[in-house]
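First comes the structure, then the notes that go with it.
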Amino acid sequence: MVERTLIVTAVPLAYLVVALGIGLWSRGKADQNTTEGYIAGDRNVSLVVLYFIMGASILSAFAFLGGPGAAYSDGGEAYYVLAYTGTGMLLWYLLGPKAIRLGRKYGYVTQAEMVSDRYDSKWLSVLMALASIGAFIPYTVLQITGVGLILETASDGLIPYWLAALLPFLVITVYVLSSGMMGVGWSNVLQGAMMLVFAWSIGLYLPFELYGGVGPMFEGINAELANHLVIGGTADGMSVLQYSSYVLVSTLGFVMWPHLFMRAYTSRDVKTLKKTVMLYPLFGLVLVPILFIGFSGIRYAEVANPDNILPYMLTTLEMNPWIIGFFFAGGLAAAMSSADSIVHAAASVFTRDFYTKVIEPDAPDRRATRITQLAVVAVVAVSYYFAVVSSVGIVDLLAGAYGAVIQFLPLVLGAIYWEQATREGAITALLAGSAVTVYYTFFAASPLLVHAGFWGLCVTTVVFVAVSLFTEVDDPKRVREFIEATRPQGEAVEKERSAGEAVPADD
């Protein structure tokens with residue numbers, strides 16, 4: 001028994017060593033002493049790396065712990081994960097290319113830089129930075145909680161939770177400090193590949209081993225627990241309206257995550273980003289067998305915390321310990337693939353959108369990069385503290401974080417498409433919508449029990465439009481040039497010609 005435990009523990013620990021090696025090796029030719037290199041990977045990230053960054057950044061500890069946990073405890077309600085994962089990247093097919101063009105023209109490397117520059121307000125940048133970091137912290141806490149559960153369970157308690165949660169994040173901190181964006185990118189390639197193998201192997205093995213197949217599994221569950229697989233089918237479950245609000249908020253908030261938004265700036269070109277968006281739903285298929293893990297445990301497991309269903313099922317299987325260890329390593333990969341991207345983005349947001357806006361506006365590029373690296377350590381430390389002392393569920397953490405970032409959507413759309421959108425409208429709307437979201441998340445039950453972020457988004461949108469209509473843009477010509485810069489060059493030239501303005505000859 002002791003030998004089996006040591007083997008199961010050794011495999012994920014060995015994976016941490018491999019992940020560290022990949023992260024350190026991957027810095028490549030990108031200059032880690034500049035923000036272009038450290039934050040945006042010199043804007044030269046290839047299709048393969050960008051695909052795994054986008055995919056693995058979203059499929060986190062939530063996918064491998066919260067997803068099966070939701071399927072185990074809530075049944076059909078867990079399908080909302082599939083709904084927003086399959087459609088959440090679609091909006092990026094329109095917004096992503098515009099973000100790339102603006103990033104290359106104006107030098108943006110963060111989401112708030114683009115938005116605050118369009119509205120000409122450093123305080124909007126500060127507000128977005130605070131909101132972003134406020135969403136990033138619980139998202140990082142989620143990952144730390146996940147790796148802690150995985151390693152503690154794999155070692156059968158030999159590694160205490162506080163150390164199990166710490167070790168993977170020490171690895172992440174080292175390679176993010178050393179290799180920046182490229183360390184995140186190539187680590188995500190490794191981690192994403194492991195997730196795909198893990199999900200489909202264990203996700204299909206359990207239904208066939210315990211029920212004789214996927215179909216018989218669902219038939220058995222439906223026979224014993226009527227309506228458990230139906231959305232809104234149980235008295236204490238989500239209503240259809242509540243469920244729909246969670247899908248809507250998650251879908252619209254998907255590409256408003258600053259770390260995903262920032263990846264547009266790293267893309268080699270527009271074509272690379274569009275291919276990534278088109279291929280992304282295939283990565284979301286990894287969640288299908290992951291949910292099977294939770295469903296398979298309904299008849300065979302009793303756990304107090306649904307988030308523990310995956311570790312529980314793995315530890316009760318009579319399988320080769322090397323294989324079980326590999327499965328635990330796959331769970332680590334899921335959490336770490338999001339954690340490194342989030343930590344890197346949070347530190348970048350702090351430096352570019354807060355520190356250089358209000359503390360040291362003229363900070364040299366090298367110093368700004370060093371501040372970003374210090375912020376990496378700070379984000380990990382703060383998140384680790386909350387992970388060790390907090391008892392909030394994984395699904396609740398993720399849902400609350402989505403409610404925060406979705407408030408950026410009207411501001412981003414207004415910045416890119418609406419010339420009348422004003423600074424006053426953006427600031428007022430963000431404050432009002434965020435206040436409503438926080439209120440219904442922490443202090444009062446949300447009306448109709450729909451996602452608090454939905455009510456916040458409604459308020460943000462209405463206030464943004466109303467205030468913008470009653471205020472004026474300070475520099476209409478500059479705003480027009482900004483919006484024209486989001487279009488392909490041919491469209492901008494054609495608009496200038498139709499307006500009778502002189503068009504410079506092509507080089």
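The values are calculated or read from the model by the stated rules, or taken from the named source; none is laboratory data. Everything numeric in this text was worked out from a predicted model, so none of it was measured. As a convention, Cβ positions derive from the backbone with ideal geometry for all residues, glycine included, and neighbour counts pool all protein chains shown.
Within the option set SER155, SER178, SER132, being modelled with pLDDT under 85 and of a type in the set (Ser, Thr, Tyr) holds for one residue only, SER178. Quick one: LEU158 ticks every box in (1) over 24 Å from the mean Cα position of the chain (by Cα); (2) assigned to a helix (DSSP H, G or I) bar one, so which box is it? Among (1) over 24 Å from the mean Cα position of the chain (by Cα); (2) assigned to a helix (DSSP H, G or I), LEU158 violates only (2). Comparison of ILE159, ILE133 shows that the only residue that is crowded, with 20+ Cβ neighbours inside 10 Å, farther than 30 Å from VAL2 by Cα and touching a helix residue (DSSP H, G or I) at 6+ places or on another chain (Cβ under 7 Å) is ILE133. For GLY37, the criteria (1) crowded, with 22+ Cβ neighbours inside 10 Å; (2) assigned to a helix (DSSP H, G or I); (3) at pLDDT 75 or above hold in every case but one, which is (3).
The selection criterion, being modelled with pLDDT of 85 or more and under 25 Å from VAL343 (Cα atoms), holds for LEU166.
Every condition in (1) more than 22 Å from the chain's Cα centre (by Cα); (2) without any contact (Cβ under 8 Å) to a residue 40 or more places away in the chain is met by LEU170 except one, and the failing one is (1).
For the stretch 284-326, filtered to residues that are surrounded by fewer than 22 Cβ atoms within 10 Å (Cβ to Cβ) and small (Gly, Ala, Ser), the residue that is farthest from SER155 (Cα to Cα) is GLY284. Considering only residues in the stretch 207-230 that are over 20 Å from LEU317 (Cα atoms) and charged (D, E, K, R), the one that is surrounded by the most Cβ atoms within 10 Å (Cβ to Cβ) turns out to be GLU219.
Counting only residues that are more than 25 Å from TYR93 (Cα to Cα) and at pLDDT 50 or above, how many does the stretch 457-499 have? Qualifying residue count, the stretch 457-499: 17.
Filtering the stretch 169-200 to residues that are surrounded by fewer than 24 Cβ atoms within 10 Å (Cβ to Cβ) and in contact with a Pro (Cβ under 8 Å, 6 or more places away or on another chain) leaves only TRP200.
Taking the criterion of being assigned to a loop (DSSP other than H, G, I, E, B) and surrounded by fewer than 18 Cβ atoms within 10 Å (Cβ to Cβ), the residues of the stretch 231-274 that qualify are GLY232, GLY233, THR234, ALA235, ASP236, SER239, ARG268, ASP269. The one condition from (1) within 18 Å of ASP74 (Cβ to Cβ); (2) touching a helix residue (DSSP H, G or I) at 6+ places or on another chain (Cβ under 6 Å) that VAL240 does not meet is (2).
When the stretch 67-123 is filtered for residues that are of a type in the set (Val, Ile, Thr) and either over 26 Å from LEU142 (Cβ atoms) or surrounded by fewer than 19 Cβ atoms within 10 Å (Cβ to Cβ) (or both), the ones remaining, listed by number, are THR87, ILE100. Taken over the stretch 106-137, the criterion of being over 22 Å from the mean Cα position of the chain (by Cα), of a type in the set (Phe, Trp, Tyr) and closer than 22 Å to TYR38 by Cβ is satisfied by TYR106 alone. Pairing residues of the stretch 359-386 that are at negative phi with residues that are assigned to a loop (DSSP other than H, G, I, E, B) and at pLDDT below 90, at Cβ distances under 6 Å and at least 6 apart in sequence or on separate chains, gives ASP365/THR34; ARG366/ASN33; THR369/ASN33.
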